[in-house]
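Take a look at the structure set out below.
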Amino acid sequence: MRALAGAVLVALAVAAGSLAYSRWSSRREVDTATGQPMGALVVAGEPGFVVVIDRVGGSARGGSYRFTALDPASGAVVASRVIDEPVRCWPGTPARMWCTSGDQTHLVAVPSFDAVTAGPADEASRTWLGRPDGGCAFADVAGAAGAPLSFAPGIGTAPRALQRGSGSDAALAPDAPEFVSPSFLRVEDAALVLVQHDAAIDHPGAIALSRIASDLHVAWTAALGGRCESAHVVGDRLVVTSPDPAHRALAIELATGRVAWTYGR
């Protein structure tokens, strides 16, 4: 009888160990999976964090989503956490963000990604911008209100020249730079004139970002790797995320165009 009881205990221990390993292995696969990009935002603070959100698997609630907090100075992963429900998030007060799941809204601390209780200041940020972060904002016209910039009309992938003014008042700038499939990218600093465009006519998947100097010449051009998903000015850098897992996020020095770091899986 004792031998039988011992055998049963051993069998139960093996089964429990196997289940625990299976769960650990499954969670590890989710933690390291490439994932499907589902959003990104910048959470203020000291030093603040870039948070990328990726769908990394299925779950009973509709999907498993991974939060990854990046250091904006180095691009290093500060923390990562997987939750088993779909979410949309936007910045709250420093080191916090709001996330919605279904009809529930939660305040989440960053970078721990633990749910926290909201205070009065947090409640004031509950509807920051009135909605979750909408990603990159593009426009056909940029620059100051009294001196707008636009692109000359073009057909298909024909390069389009930068011009002063818009509409019937537009005039080509001297030695104006030309871009393939261009759009102005709007960011927090309205003085920054940024153009997302194809790097070349025969490489439509190669996406680049150029900064236009005050004399309307190209100050620098940086390769993005994928089309802009979100873009935020963080200090003296522009942090851009894209749906390309290999170029999930990168930081570009605004003064030089040098890519300071890149994060991808």
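The values are calculated or read from the model by the stated rules, or taken from the named source; none is laboratory data. Given the structure is predicted, the values throughout are model-derived calculations rather than measurements. A quick note on method: Cβ atoms are made from the backbone with ideal geometry, for glycine too, and the neighbour counts reach across all protein chains shown. Areas reflect the complete protein model, heavy atoms only, side chains present, ligands, DNA and RNA absent. Shrake-Rupley method; radii C 1.70, N 1.55, O 1.52, S 1.80 Å.
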_Integer Hz, Karplus 6.51/-1.76/1.60 couplings in order for segment 178-183, x for Gly and Pro_ = 10, 9, 9, 6, x, 8
*Mind listing the long-range amide H neighbours of Arg88? Cut-off is under 5 Å, sequence gap 5 or more, other chains count too, H placed in the peptide plane at 1.01 Å from N.*
Thr100
*segment 221-247 residues near the modelled Thr34 label - backbone nitrogen below 17 Å, point 7 Å along Cα→Cβ*: 225-227, 242-247
*What accessible surface, in Å², does a 1.4 Å probe find on Arg265, ignoring ligands, DNA and RNA and rounding to the nearest 10?*
100 Å²
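Restricting things to alpha carbons, find the Rg to Rh ratio for segment 59-121 using the Kirkwood radius for Rh. Please report the intermediate quantities before stating the final value.
Values: Rg = 12.3 Å, Rh = 12.5 Å.
Taking Rg over the Kirkwood Rh, I get 0.98.
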_On a full-extension model of 0.36 nm per residue, what is the gain between Ala219 and Ala76, subtracting their alpha-carbon distance, rounded to one decimal in nm?_
48.7 nm
